[in-house]
Amino acid sequence: STISKNSLKSSLLQLECHFTWTLLKQDVDLDDLEETIGDQIEFFIKSNVTNYNLLSYVCHLKNSNEEALRNLQKAEEEVKKNHSDEIARRSLVTWGNYAWIYYHMERYEEAQAYVSKVENSCKKLSSTAQQKIQLPEIYAEQGWALLKFGGKYYERAKNCFENALKNEPNNPEFNAGYAIAMYRLEDFSYRLCQDLGPSLKPLERAVELNPKDTFIMALLALKLQDLMRVDEGERYIEEAMQKTPNLPYFLRYAAKFYRRKGEVDKALKILKKALAVTPKSAFLHHQLGLCYRAKLIQLKKTTRYPPQEQVDELIRLSIFHFKTVTGQKAKFFTAHIDLANMYAQAKRYEEAEETFQKAFQINILSCVDKQHFYYNYGNFQRFHMKSESEAIRYYIEGLKIEEDSYRRKQCGNALKKLLEQRIQEGLGDATDFATLGLVHNLNGETHEAIECYEKAIALCPDNEEYLSALCEVRLSI
């Protein structure tokens, strides 16, 4: 009957599980996520309950509810195996997912049975009578799921782990999740203004509490490397290498450490070892592409006339690996930009243009991603297409996005340099002065802005746009 269906729906919305955590499928690449979780189940020692629950939700999003149910059964087996003393407490998310999947399969009695199971367990577990129960494990499980759904979700993930830690400040797993969320948030926005990374302390704490977790050790090493404490970082990498010489999740970060240190051949060796274990990993292919690109840059820096066949081979290898990534992960934005730039290096301009356009059409771009795009596309127009006017147009687009980031500064600097160069060479016209005025204005350099607008007006006295821009800046003082 409809009444029971409506009341069922409102009970379902009260549950704490993947279906009520607003994890939107348009924000991820589902096939890729499914594969990642599969790899983690295979290689990670930590609790697989979380992974099976998330996998069931991913299967549902891919319209395979039967497969989703099979993963929930696996989650239940894991709970019995590892937490036989607190089955109800550890199964609330799993049972919530069961209820939702049965509801979507229109098996309402079974859905209702699971809803009741959760409600009864919550009553027993919590002194208060409400259905929504605030268990630290559930906050943590939500945090892990959010981390998997990408950059948009990192802030929420951090909050979840913070909530979990309120009750259990020394829980190793919650500390690990919190440190990873902090590290990624920092990496995601990399602001110029913060000197000491706020993720350093949480990472040190997590390593102390999780001495076996080499994945976290590697993140700490990379953070220390960011802070110019390279030797300290390398000690962690070497220690972790002793502990888990074959864990792909550790190896990929160890390789990143050596690539950034300039030991590219060492990085390549480690990546090939990891690739033998997880041959489809997009992350590894991306890192391989970056290594060949780094070798190309080294070669060009150190040799005045680098042998063309060596250059071509490094470009070819870079393109091969970047292309593997974009073929697999349609939403991996930086890999698209890296591929486009490599095509440009190879003078394959049509493919470069096409790849830039694909990158820009990815529907999950942050403001910083868009600035990154405009900066790189501006460079492409300027250095490869030889169109300064187009370059200027795209640098401006990047500057107009107000999010203060390293990428925005890159757009501003490139634009300023290009305009100043044009003006010095005597090619500067009214538009160039006005644009430089805009750059100064966006940077809050009011007096320089006024000077530029005045020069633009001297060259083009009746231009309404310049006059009103000048008035606006004067009024803002």
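Nearest 10 degrees is fine. How inclined is helix 87-104 to the longest principal axis of the chain, computing both from alpha carbons? With rounding to tens, the tilt is 70 degrees. Heavy-atom accessible surface of the chain, averaged per residue, reaches 49 Å², computed with a 1.4 Å probe.
Counting only protein heavy atoms and using a 1.4 Å probe, the accessible area of Glu263 comes to about 60 Å². Secondary-structure-derived ellipticity at 222 nm for the chain, considering helices only, amounts to -24500 deg cm²/dmol, per-run term -39500 (n - 2.57) for DSSP H runs with n ≥ 4. Pairing the Cα long axis of helix 308-328 with the longest principal axis of the chain, what angle in degrees results, from 0 to 90 and rounded to the nearest 10? Taking the Cα atoms of the chain, the angle to 308-328 is about 40 degrees. Each of Ser126, Ser84, Ser7, Ser318 has its accessible area taken with a 1.4 Å probe; listed largest first, they run Ser84, Ser7, Ser126, Ser318. Between (i) 26.6, 83; (ii) 28.5, 94; (iii) 27.5, 99, which entry matches Rg and Dmax of the Cα atoms in Å as derived from the coordinates of this structure? Of the listed options (i) 26.6, 83; (ii) 28.5, 94; (iii) 27.5, 99, (i) comes from this structure. The calculated FRET efficiency for Glu354 paired with Asp404, based on their beta-carbon distance and R0 = 25 Å, is about 0.20. Taking the C-alpha atoms only, the angle from helix 446-459 to the longest principal axis of the chain is near 50 degrees.
Each residue of the stretch 422-437 was assigned a 3J(HN,Hα) from its phi angle through the Karplus expression (A = 6.51, B = -1.76, C = 1.60, θ = phi - 60°), giving 4, 5, 4, 7, x, 8, x, 10, 4, 4, 4, 5, 5, 5, 4, x Hz with x at Gly and Pro.
Quantify, in whole percent, the carbon and sulfur part of the accessible surface of the stretch 256-347 (1.4 Å probe; protein heavy atoms only). All intermediate terms of the calculation are to be shown ahead of the outcome.
Working: 2500 of 4520 Å².
Carbon and sulfur atoms account for 55 percent of the accessible area of the stretch 256-347.
Relative contact order of the stretch 5-125, taken over Cα pairs closer than 8 Å and 6 or more residues apart, is 27 percent. Note on Ser389: accessible area approximately 80 square angstrom, rounded to 10, probe 1.4 Å, nucleic acids and ligands left out. Of the trypsin sites (Lys or Arg not before Pro) in the stretch 338-434, the ones in a loop by DSSP (not H, G, I, E or B) with at most 11 other beta carbons within 10 Å are Lys347, Lys386. Tell me which trypsin sites (Lys or Arg not before Pro) from the stretch 36-113 have a DSSP coil assignment and no more than 16 other beta carbons within 10 Å of their own. Here the trypsin sites (Lys or Arg not before Pro) that fit, given the DSSP loop and packing criteria, are Lys46, Lys62, Arg107.
The values are calculated or read from the model by the stated rules, or taken from the named source; none is laboratory data. Just so it is clear, the structure is predicted and the values come from calculations on it, not from any experiment. FYI the Cβ positions are ideal-geometry reconstructions off the backbone, even for glycines, and counts take in every protein chain you see. Just so you know, the surface numbers come from the protein's heavy atoms only, side chains and all, with ligands and any DNA or RNA stripped out. Shrake-Rupley method; radii C 1.70, N 1.55, O 1.52, S 1.80 Å.
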